[in-house]
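A.B. asks: Submitted below is the structure of interest, expressed as structure tokens.
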């Protein structure tokens, strides 16, 4: 949850008060924003079958959409599993459910029925909720609604303060949610994430309807409902600082060290950086130490993870040293996408002109419709269409082909309808 910035400033024209204590002077027109509180108090954590059955019955008998959120232990655990699930429905109140205590949350899914879910930044929580058997029939994403309405900041706390006039504190946002038992202040923080989601949805629905964007939002929400995290190819290449490594042999050591760390982190369910940081991998891959003493003298190899698993790290380095030349990784990777935009002018000047024209057209359309350009059209879809446009240059046929290409990439129909004519013109004009 993202909190609001503290915009309070002292009046430079106010004389200092000689009390020996630093004074903060509020502007005369400053209005203190009240803190959001739990209307029904903090409920007990649901961690028994009887408590879950009782809350499921209350949810099934409730009314209106379901506000839902989940807390993970990012930065502490390897897995992306949910360690707390917060639910609220009118008539049922807030339920704080410990998913670790249950083998099956099927009764909760059944209680939800075909009711709409309200989430903030749904793509963050839907995968871990699916991991415990919870999948929504329909979704309303308050963050995405804020983006479509072109709010400059769309964190939950900011939207709540802007639209509901109450402040959400951002403390406890980075705690270890795998801790048991969870402290009451953490639980209250988590419960507040669903306290006013229903009210926030009502305001955003009205604003989307007034702006003529409600159908756009519904298409976006339906797209989000089917979100699945992308599977990264060669994830080891994202090692921070890898650009400092010289030579393919050292590059192989980055790969083997990263893979060894990842396997160990998965086995122990800890975030990889808690074993050894990326900087240690890069340093060891550059130095290629051969024994424990040299390894432990390498920059970044300190702490329990470095020492306890020294044999694992040395074996990974040895594995890289033993690789045949023809199996060493290359510096560059092949992918099915276009090159980075800065290289277009050298690789294909016509494509570079198409991209420039298309970007300008998208920016103009976004301004006309009061949208962020990236929400009007996914930048990757724009780049792919401009790098490899349809072959035909007959205007009508080209427009139809651009429509098909964007749809095939996953652009929603409202996006295609707004942008396909502009992209068609960009293709034709760049080659004129």
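A.B. asks: From the set of residues in the stretch 46-59 that are surrounded by fewer than 17 Cβ atoms within 10 Å (Cβ to Cβ) and touching a residue at least 12 places away in the same chain (Cβ under 8 Å), which is nearest to residue 272 (Cα to Cα)? Steps first, answer last, please.
C.D. replies: As a first pass, look at the stretch 46-59 and keep what is surrounded by fewer than 17 Cβ atoms within 10 Å (Cβ to Cβ): 47-50, 53-54, 57-58.
From what's left, touching a residue at least 12 places away in the same chain (Cβ under 8 Å): 47-49, 53, 57-58.
Working: 47: 29, 48: 32, 49: 34, 53: 37, 57: 41, 58: 41 Å.
Here the residue is 47.
A.B. asks: Being within 30 Å of residue 281 (Cα to Cα) and either outside any loop (DSSP other than H, G, I, E, B) or not assigned by TED's automatic domain parsing to the domain that holds residue 260 (or both) is true for just one of 320, 420. Which residue is that? I'd like the intermediate steps shown before the answer.
C.D. replies: Working: 420 fails: within 30 Å of residue 281 (Cα to Cα).
It is 320.
A.B. asks: Go through the residues of the stretch 14-36 one by one and say whether even a single one is at pLDDT 60 or above and in contact with a strand residue (DSSP E or B) (Cβ under 6 Å, 6 or more places away or on another chain).
C.D. replies: Checking the stretch 14-36: at least one residue is at pLDDT 60 or above and in contact with a strand residue (DSSP E or B) (Cβ under 6 Å, 6 or more places away or on another chain).
A.B. asks: Now for a separate question. Consider residue 395 carefully, then state whether it is surrounded by fewer than 16 Cβ atoms within 10 Å (Cβ to Cβ) and without any contact (Cβ under 8 Å) to a residue 60 or more places away in the chain. Let's see the steps before the verdict.
C.D. replies: Details: surrounded by fewer than 16 Cβ atoms within 10 Å (Cβ to Cβ): yes; without any contact (Cβ under 8 Å) to a residue 60 or more places away in the chain: yes.
Answer is yes for this residue.
A.B. asks: Across the stretch 120-133, what is the total count of residues that are in contact with a helix residue (DSSP H, G or I) (Cβ under 7 Å, 6 or more places away or on another chain) and either in a helix (DSSP H, G or I) or free of Cβ contacts under 8 Å to residues at least 60 places away in the same chain (or both)?
C.D. replies: Narrowing the stretch 120-133 to residues in contact with a helix residue (DSSP H, G or I) (Cβ under 7 Å, 6 or more places away or on another chain): 120-123, 132-133.
From what's left, either in a helix (DSSP H, G or I) or free of Cβ contacts under 8 Å to residues at least 60 places away in the same chain (or both): 121-123, 132-133.
So the answer is 5.
A.B. asks: Pick from the stretch 205-231 the residues that are loosely packed, with under 12 Cβ neighbours inside 10 Å and part of a loop (DSSP other than H, G, I, E, B): which of them is farthest from the chain's Cα centre (by Cα)? Working first, answer last.
C.D. replies: We begin by selecting, within the stretch 205-231, every residue loosely packed, with under 12 Cβ neighbours inside 10 Å; these are 206, 210, 212, 226, 228-231.
From what is left, the residues that are part of a loop (DSSP other than H, G, I, E, B) are 212, 226, 228-231.
Numbers: 212: 27, 226: 15, 228: 12, 229: 10, 230: 12, 231: 15 Å.
The residue in question is 212.
A.B. asks: Also: Of the conditions (1) closer than 20 Å to residue 239 by Cα; (2) out of contact with any helix residue (DSSP H, G or I) (no Cβ under 9 Å at 6 or more places or on another chain); (3) exposed (fewer than 15 other Cβ atoms within 10 Å of the Cβ), residue 349 satisfies every one except a single condition; which number is it?
C.D. replies: Of everything listed in (1) closer than 20 Å to residue 239 by Cα; (2) out of contact with any helix residue (DSSP H, G or I) (no Cβ under 9 Å at 6 or more places or on another chain); (3) exposed (fewer than 15 other Cβ atoms within 10 Å of the Cβ), residue 349 misses just condition (1).
A.B. asks: Which of (1) assigned to a helix (DSSP H, G or I); (2) over 30 Å from residue 285 (Cα atoms) is the odd one out, the single condition residue 432 does not satisfy?
C.D. replies: Among (1) assigned to a helix (DSSP H, G or I); (2) over 30 Å from residue 285 (Cα atoms), residue 432 violates only (1).
A.B. asks: Here is a follow-up. Residue under question is residue 362, and the condition is that it be more than 30 Å from the chain's Cα centre (by Cα), surrounded by 15 or more Cβ atoms within 10 Å (Cβ to Cβ) and at pLDDT 95 or above; does it hold? Spell out the reasoning first.
C.D. replies: Values: more than 30 Å from the chain's Cα centre (by Cα): no; surrounded by 15 or more Cβ atoms within 10 Å (Cβ to Cβ): yes; at pLDDT 95 or above: yes.
The answer is no for residue 362.
A.B. asks: Would you point out the residue of the stretch 234-261, among those that are touching a residue at least 60 places away in the same chain (Cβ under 8 Å) and within 24 Å of the chain's Cα centre (by Cα), that is surrounded by the most Cβ atoms within 10 Å (Cβ to Cβ)?
C.D. replies: 237
A.B. asks: With respect to residue 333, is the statement that it is surrounded by fewer than 19 Cβ atoms within 10 Å (Cβ to Cβ), under 27 Å from the mean Cα position of the chain (by Cα) and outside the structural domain of residue 211 (by TED's automatic domain parsing) true?
C.D. replies: On the way: surrounded by fewer than 19 Cβ atoms within 10 Å (Cβ to Cβ): yes; under 27 Å from the mean Cα position of the chain (by Cα): yes; outside the structural domain of residue 211 (by TED's automatic domain parsing): yes.
Criteria met by residue 333.
A.B. asks: Moving on. Taking the condition of being buried (at least 18 other Cβ atoms within 10 Å of the Cβ) and under 17 Å from residue 139 (Cα atoms), how many residues in the stretch 60-90 meet it?
C.D. replies: 11
A.B. asks: Something else now. Can you tell me which of (1) part of a loop (DSSP other than H, G, I, E, B); (2) crowded, with 22+ Cβ neighbours inside 10 Å; (3) over 28 Å from the mean Cα position of the chain (by Cα) is the one residue 302 doesn't meet?
C.D. replies: Answer for residue 302: the failing condition is (2).
A.B. asks: Quick one: which residue in 142, 158 is surrounded by 14 or more Cβ atoms within 10 Å (Cβ to Cβ), modelled with pLDDT of 95 or more, under 30 Å from residue 98 (Cα atoms) and touching a strand residue (DSSP E or B) at 6+ places or on another chain (Cβ under 8 Å)? Don't jump to the end; show me each part of the working.
C.D. replies: Working: 158 fails: touching a strand residue (DSSP E or B) at 6+ places or on another chain (Cβ under 8 Å).
Of the residues listed, the single one that is surrounded by 14 or more Cβ atoms within 10 Å (Cβ to Cβ), modelled with pLDDT of 95 or more, under 30 Å from residue 98 (Cα atoms) and touching a strand residue (DSSP E or B) at 6+ places or on another chain (Cβ under 8 Å) is 142.
A.B. asks: Provide a single number: the residues in the stretch 262-294 that are without any contact (Cβ under 8 Å) to a residue 24 or more places away in the chain and either surrounded by 19 or more Cβ atoms within 10 Å (Cβ to Cβ) or not assigned by TED's automatic domain parsing to the domain that holds residue 307 (or both).
C.D. replies: Number of matching residues: 2.
A.B. asks: Write out, first by first residue and then by second, each pair whose Cβ atoms fall under 6 Å of each other, whose residues are 6+ apart or on separate chains, and whose first residue, in the stretch 76-103, is within 23 Å of residue 195 (Cβ to Cβ) while the second is modelled with pLDDT under 95.
C.D. replies: Listed pairs, sorted by first residue: 93/40.
A.B. asks: Does at least one position in the stretch 166-180 carry a residue that is exposed (fewer than 14 other Cβ atoms within 10 Å of the Cβ), closer than 15 Å to residue 37 by Cβ and either touching a helix residue (DSSP H, G or I) at 6+ places or on another chain (Cβ under 7 Å) or not assigned by TED's automatic domain parsing to the domain that holds residue 89 (or both)?
C.D. replies: yes
The values are calculated or read from the model by the stated rules, or taken from the named source; none is laboratory data. Note that this is a predicted model, so its numbers are computed, not measured. Backbone-built Cβ (ideal geometry, glycine too); neighbour counts: all protein chains shown.
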